[in-house]
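Each remark here refers to the structure printed beneath this line.
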Amino acid sequence: MKYLKYLVFLVFFIPINIEALEINSEHAILYNMNDDIIIFEKNADERTYIASLTKIMTTIVAIENIDDVDETVSVPYEALDGLIAANASVAGFYSGQRVTYLDLLYGVMLPSGADATRTLAYYISGNEEEFVKLMNDKAIELGLTNTHFANTSGLDTDNHYSTVREMSIILKYALQNPLFKEIYTANSYTTSDSSLTFKSVFSNYLNHYGLTNNYIYGSKTGFTTK
């Protein structure tokens, strides 16, 4: 992360050979939103697993289909079933817990909770499969041809993929929504019943490694062994 912070400084103030950057990721893209230009890319159009980056699309689609984010719902058992066996990350909601839609949205983005994505899908569309159709409809609306979703949380399956270029398009679109941007840039959030406090996964990484952050306002992490 120290190198990343230094890189941001260099990109804006000192001309460098951006193509000479060495990164471990096999797929990457660096996009300047202010100038609407891509300044670095690596295999940007190659399909790949996207893990929890999926939740960027889950969150913006949910926001666009919720009338009142302060409405209270009950976490259904169906939303939690199988998550431990699938080794999915969870926010910590329990069956029958009364939560607001806003609690769930933060639960998706900050701790990357699959329990939150499934609960949102349950109340917005009736089940995860129907909600995923909304996600794929949005991908078509955005003109994406190398993106397809099979679940709301990013669990690996052959029919769940995107490219880093198309993920950047999704994020750019989502950041136009004020609520999404507020959630995306938050470091922490306490649920309406005060039972849970979420910290962003990115903040947890910084704390774990004793790093400070003065440049990155928001992030969504994702991990898969594939």
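The values are calculated or read from the model by the stated rules, or taken from the named source; none is laboratory data. The structure presented is a predicted model; accordingly, all values stated were derived computationally and were not measured. So basically every Cβ, Gly included, is an ideal-geometry build from the backbone, and we count neighbours across all protein chains shown. SASA here: full protein model, heavy atoms, side chains in, ligands and nucleic acids out. Shrake-Rupley method; radii C 1.70, N 1.55, O 1.52, S 1.80 Å.
A Cα-only calculation for the range 22-65 places Rg and Dmax at 13.3, 41 Å.
Taking only alpha carbon atoms, the range 14-96 gives an Rg to Rh ratio of 1.12, where Rh is the Kirkwood radius. D193 contributes an accessible area of around 70 Å² to the protein surface, as traced by a 1.4 Å probe with all chains present. Annotation: Y209 carries an accessible surface of approximately 150 Å², with a 1.4 Å probe and no ligand, DNA or RNA atoms counted.
Note on surface exposure: F202, F180 rank F202, F180 by accessible area, highest first, 1.4 Å probe.
A simple charge model with +1 on the Cβ of Lys and Arg, -1 on the Cβ of Asp and Glu and nothing else charged puts the dipole of the chain at about 740 debye relative to its Cα centre. Across the range 32-169, the volume of the C-alpha convex hull divided among the residues equals 117 Å³ per residue. Near K226, once Lys and Arg are set to +1 and Asp and Glu to -1 for all other residues with Cβ below 13 Å from its Cβ, the sum equals -2.
Per residue, the range 92-177 exposes 37 Å² of solvent-accessible protein surface, assessed with a 1.4 angstrom probe and all protein chains in place.
Relative to its Kirkwood radius, the Cα radius of gyration of the range 86-226 gives an Rg/Rh of 0.95. Within the range 141-217, the proportion of C-alpha pairs whose separation exceeds 22 Å stands at 46%. Helix content alone sets the calculated 222 nm mean residue ellipticity of the chain: runs of n ≥ 4 DSSP H residues at -39500 (n - 2.57) each, divided across all residues, give -11000 deg cm²/dmol. The relative contact order of the chain, computed from alpha carbon pairs under 8 Å that lie at least 6 residues apart in sequence, is 24 percent.
Among the aspartates and glutamates, which fall within straight-line cross-link reach of K199, defined as a Cα-Cα distance under 18 Å, with same-chain neighbours fewer than 8 residues apart omitted? Straight-distance partners of K199: D103, D115, E182. Here the range 85-132 is treated as a sphere whose radius is the Kirkwood value from Cα pairs; by Stokes-Einstein at 4 °C and 1.567 mPa s it diffuses with a coefficient of 120 µm²/s. Among I140, I66, the sequence by solvent-accessible area, most first, with a 1.4 Å probe is I140, I66. Ranking of L105, L171 by solvent-accessible surface, largest first: L171, L105 (1.4 Å probe, protein heavy atoms only, all chains present). Rounded to a whole number, what % of the accessible area of the chain do carbon and sulfur atoms account for, probe 1.4 Å? Summing carbon and sulfur atoms, their accessible area is 50 percent of the total for the chain. Here the contact order of the range 125-226, divided by its residue count and restricted to Cα pairs under 8 Å and six or more residues apart, works out to 16 percent.
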